[in-house]
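Everything below concerns the one structure shown next.
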Amino acid sequence: NINNLPDLLFYGRAGIGKTTLAKVIIDTLQTDYIELNASDERGIAIIQGRVKDFAKTQGLSNKIKIILLDEADNLTKDAQDALKRTMELYSNNCRFILTANNKQKIIEPIISRCGGGLEFLPISKDDIKKRLIQILNFEGMTIKDDAFEEVYSKSFGDFRRILNSLQLLDGITKNIELKHIDITDIHNKLRTEGLLNSIKNKKYTDACKFITKEDVIPLYHTIQSLDISEKQKGEIAKTFAEYDYRRQFAVLDFLQLHALIAEIMIILGDINGTR
């Protein structure tokens with residue numbers, strides 16, 4: 001019964017099934033819902049806007065509605081305070097399902113309201129392999145043991161990352177072997193190199209269109225491997241550290257990413273003789 005559904009907090013590492021379970025619950029209950037991602041809009045505006053507007057209205061089905069808020073740990077503290085008030089104010093009309101990678105970034109009143117939260121433990125290697133084989137069989141594909149071992153190792157047990165990597169092989173092969181895993185590596189490398197070339201060639205707009213938060217770590221390691229001065233490497237490290245710090249408090253992630261690109265362009269300016 002949806003009336004007995006409490007507010008829920010699912011937390012654990014990325015790619016482990018938190019959002020998938022939330023969607024299963026919503027699909028089972030067959031009620032009105034919206035899905036929002038707090039990594040896109042991290043500030044109080046998203047809570048006072050779309051979240052509050054949806055929570056305070058009666059659903060078409062006259063059932064209690066659900067708001068699925070992914071990556072809630074990306075919300076600023078002010079936004080979380082506003083979320084707590086919204087959860088309390090509209091509890092007769094709406095339930096919240098929150099997902100988070102890091103429970104420590106969620107304020108205690110929200111955790112308490114969600115009964116302490118439900119931790120998602122890492123999926124065992126054997127379970128990942130069994131499920132992956134089921135999916136591949138459905139798609140008419142197979143994977144060799146050594147190829148699985150390689151992609152598992154490079155994904156650090158992130159099932160979503162495994163699926164995304166192997167999806168790149170669609171149309172290339174039906175029988176995945178170790179040699180094919182290099183294709184996914186090459187794709188990721190080409191993406192990082194393409195982003196770096198845009199930065200080095202001062203194509204700021206292109207780089208801004210290109211970059212996502214998933215590109216940050218590969219970009220850092222690629223830049224650190226360049227033939228640049230020790231001073232520049234130090235400045236690069238400091239710039240990335242500042243980005244990582246600022247994004248914990250920023251409202252809009254994309255502004256931080258664009259600022260990161262601008263800083264890197266300045267630091268790497270000497271490569272092209274223009275600083």
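Every number in this text was worked out from the coordinates using simple rules, so none of it is lab data. Just so you know, these numbers come straight off a predicted model, no measurement behind them. Here Cβ is always computed from backbone atoms with ideal geometry, including for glycine, and neighbour counts include all displayed protein chains.
General observations
- C-alpha long axis of helix 125-138 to longest principal axis of the chain, angle in °: 90
- Relative to the dominant Cα principal axis of the chain, helix 178-200 is inclined by about 80°.
- For Arg95, the residues whose modelled amide H falls within less than 5 Å of its own, excluding neighbours fewer than 5 places apart on the same chain, are Lys65, Ile66, Ile67.
- Note on the chain: helix-only mean residue ellipticity at 222 nm, from DSSP H runs of 4+ residues weighted -39500 (n - 2.57) and normalised by residue number, equals -15500 deg cm²/dmol.
- Annotation: lysines with alpha-carbon distance below 23 angstrom to Lys200 (same-chain offsets under eight excluded): Lys189, Lys209, Lys213, Lys231, Lys233, Lys238.
- Net length available on complete extension from Arg85 to Ile266 is 60.8 nm, with 0.36 nm assigned per residue and the Cα-Cα distance removed.
- The local environment of Gly140, defined by Cβ-Cβ distances under 14 Å, has a net charge of -1 under the rule Lys, Arg +1 and Asp, Glu -1.
- Length added when fully stretched, Thr57-Ser112, from 0.36 nm per residue minus Cα-Cα: 17.3 nm
- The residues packed around Ile2, meaning those with a beta-carbon under 11 Å from its beta-carbon, carry a net charge of +2 if Lys and Arg are +1 and Asp and Glu are -1.
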